[in-house]
1. Residues of region B:21-70 being polar (S, T, N, Q), more than 8 Å from every other protein chain (Cβ to nearest Cβ) and open to solvent by less than 30 Å² (accessible area, probe 1.4 Å), which ones?
2. Taking region A:414-442 as the search range and keeping residues that are outside any helix (DSSP H, G or I) and in contact with a helix residue (DSSP H, G or I) (Cβ under 7 Å, 6 or more places away or on another chain), which one is most open to solvent (accessible area, probe 1.4 Å)?
3. Considering only region A:145-172, state which residues are within 17 Å of A:Phe54 (Cβ to Cβ), in a helix (DSSP H, G or I) and either open to solvent by less than 20 Å² (accessible area, probe 1.4 Å) or without any contact (Cβ under 8 Å) to a residue 12 or more places away in the chain (or both).
4. What pairs come up if the first residue lies in region A:3-25 and is closer than 24 Å to A:Arg119 by Cβ, the second is in a helix (DSSP H, G or I) and open to solvent by 40 Å² or more (accessible area, probe 1.4 Å), and their beta carbons are under 8 Å apart, counting only those six or more places apart or on different chains?
5. Considering only residues that are free of Cβ contacts under 8 Å to residues at least 40 places away in the same chain and crowded, with 23+ Cβ neighbours inside 10 Å, which ones fall in region A:46-61?
6. Looking at region A:214-237, can you tell me whether even one residue there is more than 30 Å from A:Gly90 (Cβ to Cβ) and outside any loop (DSSP other than H, G, I, E, B)?
7. Looking at region A:601-628 only, could you name the residues that are of a type in the set (Lys, Arg), within 14 Å of chain B (Cβ to nearest Cβ) and in contact (Cβ under 8 Å) with a residue 60 or more places away in the chain?
8. Looking at A:Lys556, A:Lys580, which is the one that is within 14 Å of chain B (Cβ to nearest Cβ), over 30 Å from A:Gly446 (Cβ atoms) and of a type outside the set (Val, Ile, Thr)?
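The values are calculated or read from the model by the stated rules, or taken from the named source; none is laboratory data. As the structure is a computational prediction, the values presented were derived from the model and not from experiment. Virtual Cβ from ideal backbone geometry, glycine too; neighbours counted across all protein chains shown. What goes into the accessible areas is simple: the full protein's heavy atoms, side chains included, and nothing from ligands, DNA or RNA. Shrake-Rupley method; radii C 1.70, N 1.55, O 1.52, S 1.80 Å.
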Amino acid sequence: MIAETGHYALILALGVAIVQMLVPLIGTHYRDPKLTAVAVPAAQAEFILIGIAFIALMTAYVTSDFSVANVWQNSHSAKPLLYKISGVWGNHEGSMVLWVLILALFGAAVATFGNNLPRQLQANVLAVQSSIAVAFLLFIIITSNPFMRLDPAPFDGEGLNPVLQDPALAFHPPFLYAGYVGFSMAFSFAVAALIDGRIDAAWARWVRPWTLAAWMCLTIGIAMGSWWAYYELGWGGFWFWDPVENASFMPWLAGTALLHSALVMEKRDALKVWTILLAIITFSLSLMGTFLVRSGVLTSVHAFAVDPARGVFILAIMGVFIGGAFALFAWRAPLLSQGGLFAPISREGSLVLNNLLLTVACAAVLVGTLYPLALEAITGEKISVGAPFFNLTFVPLIVPLLIAMPFGPLLAWKRGDLLAAAQRLMTAAIAALAVMILVLAVNQHGPWLAPLGIGLGIWLIMGAPTEIAYRVKLFDVSGSESWRRARNLPRATFGGALAHAGVGVMVIGLVSTTAWRSERIELLAPGESLDIAGYDLAFAGVAPRQGPNYSERVAKFVVTRGGEPVTELTPSKRAFAVEKSATTEAGIHNSWRGDLYVVLGDQLKDGAYSVRVYFNPMVRLIWIGALIMFFGGGLSLSDRRLRVGAPKRARSKMAAAAAVE
Amino acid sequence: MTRKQRRGVLIGTCLVVLGVAVGLVLYAMRDSIVFFYAPSDVAEMQMSPGQRFRLGGLVETSSVVRGEGTTVRFVITDGAKTLPVTYTGVLPDLFREGQGVIAEGTLEPDGVFHADNVLAKHDENYMPPEVAAKLKTQGVWRGEAGAAAPSATN
């Protein structure tokens, strides 16, 4: 019954979405406010209906209703509750329902909180948003129905792929999708502006919070995925340039560019056409990501669905939306008024450089991701484009951006003074240089570029306080005056500086792990020990243990450092009986110095085990950097100016404050 | 600066960055791309020693030999031809005899493929699509393994 309710709700949602797609557009065309007003309740109803479908599916999972084919394929009664819930989106059908749920959530948010949007813009945005929902609801109902019943109902389920039974991965897809799908908002706003033929600075102010929220979710989603891959897959790596990773990374790069270009549009009323184009590109990349992951065209961990019908359907959706949006852009963009030009050395100029480098780097990733597919389709030759390609192309393009990053916020709008900015950055440069020399002195081994990388990280981190010091005129005016200025600084300024510092923290983590990682692969019998990076690991032996839905062999390593006990590590090999599959659980000791990472290999005939041990220096900074970027985004989002409608109140408050003075 | 000059700087910068990017991509394409072959392809082609490629196929039954230390030797087959492989390190969880596998490395003059990376994909019944495609063309495809689903109704 519950499955039928869900199925029915999905079909109803499709009906509502079709109404929401057509009626408001007709309304805005004939200037009929009654028809236009349909958009708001329709968006809310659509969200509620898809919510019902989602809850129905979740109920089927939690109650282990194996008469539902999707539950039977991906769940098992012995699975822990958390993974019964995350199993909902751990498969193709369920994850598509989550996709449209988030799409509808964003639409409903615009309907509910967008009271201060011009009616016409809001109606158009909701209509465009709903057209995406129509396409994906059709896709679900026609090709990927999650509510299919089985008759007779099997006794128990097939289970969820064990590598996916993990807390970080339970929440990785919802964040990732919130990011992907969140960019649909920027897309809908862009297309609505094109339909309208009108765009102004206010448009950018409305778009920015949605883009920022999506960007934050995508940042944390990608970081979670990378963290999961690091500790779960047992290779000790954090990023593999796998096509699936690239599929989420490309929208992130384009979205980051969009955040910055929207800033120019909001403040200077320039770069309008480019910002519209970027909004379309960003969501197109999200759609392409969905296509790559969901169609099964890739040889990859994530591509579970191997069904050409689905691939062709998503390809068609992609073609219609990307092609349609670009056609509309080509037709309508000339109508939009261009903003003024500006001096190359200025805040706008630096943001253009940011956009240029980010989009070109994104294009390089795109080429590396699609080239193998294209080559295979055309010549039948199979190749893999791996990390060496991306290290050679992406890194040289992104490093100049990182070097230039601290300059941007120090340049004035319209016309900046590069020399003055350089002088202000002197402290940061000296700090970076000092750390570079220190690293070089302490660490003789390792690649010569590594100390430069660490210096770059310090440069980025120090750029953030430099910007704040500049804004509050630290040391130029009295301390109390600086304090007053600091309190009046918009939160977005702190948010931006914090996010930039986060990039610096991440760079330090990336560089030190890549450059100074140590690795040992040894054959160890119980009682033997090995040493790595100053740690001694004594192998105490292997014992069996029973988990909730698996059995495992757990090794015990006693770790000491200079004779002092540090910790005990227990890497294991798990066997999942239901899924007939095995996973390796690494034993990891985290510290600020770095992670000690132990993987248990196979047992050999003489009783010894092959053991792989890594030491990854300062690797946790990578994810801490991402977290800092996330919080920087959050701080920026909490800025009153970004909350639509808030500017008036903020201004009147400031006026009141001025009146009191 | 005049309007024209400003536009010139903008377009010039774009062209330089794009030019550098295209150069990097073309350079990287030449040097850092890895091809995928089955043992039969390797037998037909003249591989120069030291050329990196990916070798895919099935691990031949009872061919896995643990050597000294953590070195493992096994044979990859595509039904028609075989190629011996040596690998030092910890094999992935799902590495099994008779299962699909991809090894990345170089073919050395001794006729042995020296792998520095072995990938076995996640599901026991899962076969890397590259391997499946090659096996299909070689005619040793055994069909989709896996439990037959109960009949589905709506």
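1. B:Ser40, B:Ser63
2. A:Gly416
3. A:Ala170
4. Close Cβ pairs (under 8 Å, with a partner that is in a helix (DSSP H, G or I) and open to solvent by 40 Å² or more (accessible area, probe 1.4 Å)) amount to A:Val23/A:Leu35; A:Pro24/A:Leu35; A:Leu25/A:Ile195.
5. A:Tyr61
6. No, because not a single residue in region A:214-237 is more than 30 Å from A:Gly90 (Cβ to Cβ) and outside any loop (DSSP other than H, G, I, E, B).
7. A:Arg612, the sole residue that qualifies.
8. A:Lys580
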